[in-house]
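Asker: The structure follows.
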Amino acid sequence: MEDDYMMVIIPCIAEIAASDTPERVKKLRLGAVSELQRYLHYYRQLGYMPKLLYAIADRKCRMIASATTKAEMQKLVRPNCPHYDGAGFIPAAYNVPEEELICWSETSLKGPLTAEGFQRYMELFKLVLPEESRRLAL
């Protein structure tokens, strides 16, 4: 069921708790999952599509499962903005396209996007939501 991100979060927590990983790493991972859950709850309150939240949870839980340092956890849990190099956007190491799409959506509510920003937004929309994109003939 790809509409409830808790279907990803709960097994992730169980796997972390049951693993033979050192306690220090378990605590870091559980903390990261908790912070991820707060972000997902916030996105849900803003009204974003459940399938976007599910995809974010799935991708980030997999990243959390292999992370071992506090710095790594902090980078991967928070939204990662791409870097613009003058020719295009370069995704960050822990980039999740579904979350970047949400970030662009939120940015567009604050003011008009630049041509490059709008192009990236549409690129992500087509990548993340291909059926909706086809339906809108984008």
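Asker: What share of all Cα pairs of the range 31-71, in percent, falls into each consecutive 10 Å distance bin?
Answerer: The percentages, shortest bin first, are 29, 52, 18, 1.
Asker: Which one of P22, P97, P82 has the biggest mean-square fluctuation once the chain is modelled by GNM with Cα springs under 10 Å?
Answerer: Among P22, P97, P82, the largest GNM mean-square fluctuation belongs to P22.
Asker: Still on this model: Once the Cα atoms of helix 97-110 and of the chain are each reduced to a long axis, what angle between those two axes, in degrees from 0 to 90 to the nearest 10, is obtained?
Answerer: Roughly 50 degrees between the two axes.
Asker: When the accessible area of the chain is computed with all protein chains present and a 1.4 Å probe, what percentage of it is carbon and sulfur?
Answerer: About 57 percent, which is the carbon plus sulfur part of the accessible surface.
Asker: For helix 115-128, report the angle its Cα long axis makes with the longest principal axis of the Cα atoms of the chain; keep it between 0 and 90° and round to the nearest 10°.
Answerer: The two axes meet at around 60 degrees.
Asker: Follow-up question, since we're still on this one. Quick check on my link table: of K27/K51; K27/K75; K26/K75; K70/K110; K27/K60; K51/K126, which ones sit more than 20 Å apart, alpha carbon to alpha carbon? Intermediate values should be presented prior to the final figure.
Answerer: Values: K27/K51 28 Å; K27/K75 16 Å; K26/K75 17 Å; K70/K110 32 Å; K27/K60 16 Å; K51/K126 15 Å.
In this structure, K27/K51; K70/K110 exceed 20 Å between Cα atoms.
Asker: Share of Cα-Cα pairs in the range 69-138 beyond 21 Å, in percent?
Answerer: Working: 723 of 2415 pairs.
Taking all Cα-Cα pairs of the range 69-138, the fraction more than 21 Å apart is 30 percent.
Asker: Still on this structure, I have one more. Pairing the Cα long axis of helix 6-18 with the longest principal axis of the chain, what angle in degrees results, from 0 to 90 and rounded to the nearest 10?
Answerer: Rounded to the nearest ten degrees, it is 30.
Asker: Another one. So for the range 1-113, what are the equivalent ellipsoid semi-axes in whole Å, largest first, each being the square root of 5 times an eigenvalue of the Cα gyration tensor?
Answerer: Values: eigenvalues 137, 62, 21 Å².
Equivalent ellipsoid semi-axes, largest first: 26, 18, 10 Å.
Asker: Just read off the accessible area of E123 with the full protein assembly in place, 1.4 Å probe, to the nearest 10 Å².
Answerer: Rounded to the nearest 10, that gives 100 Å².
Asker: Moving on to the next point. Per 0.36 nm of contour for each residue apart, how much would the distance between R44 and T21 grow if the chain were fully extended, relative to their Cα-Cα spacing?
Answerer: Taking R44 through T21 to full extension adds about 5.1 nm, to one decimal.
Asker: Could you pull the accessible area for H83 with a 1.4 Å probe, rounded to 10 Å²?
Answerer: 120 Å²
Asker: Would you mind working out the accessible area per residue for the range 11-138, using a 1.4 Å probe, and quoting it in Å²?
Answerer: Heavy-atom SASA per residue in the range 11-138 reads 59 Å².
Asker: Could you grab the relative contact order for the chain? Cα pairs under 8 Å, six or more apart, rounded to a whole percent.
Answerer: 21 percent
Asker: Also, I was wondering about something else. Between L109 and A87, what's the calculated FRET efficiency when r is the beta-carbon distance and R0 is 25 Å? Round to 0.05.
Answerer: 0.40
The values are calculated or read from the model by the stated rules, or taken from the named source; none is laboratory data. Values in this document were obtained by computation on a predicted structure and should not be read as measured data. When we count neighbours, we look across all protein chains shown, and the Cβ atoms used for this are built from the backbone with ideal geometry, even at glycine. Surface areas here come from the heavy atoms of the whole protein model, side chains and all, with no ligands, DNA or RNA. Shrake-Rupley method; radii C 1.70, N 1.55, O 1.52, S 1.80 Å.
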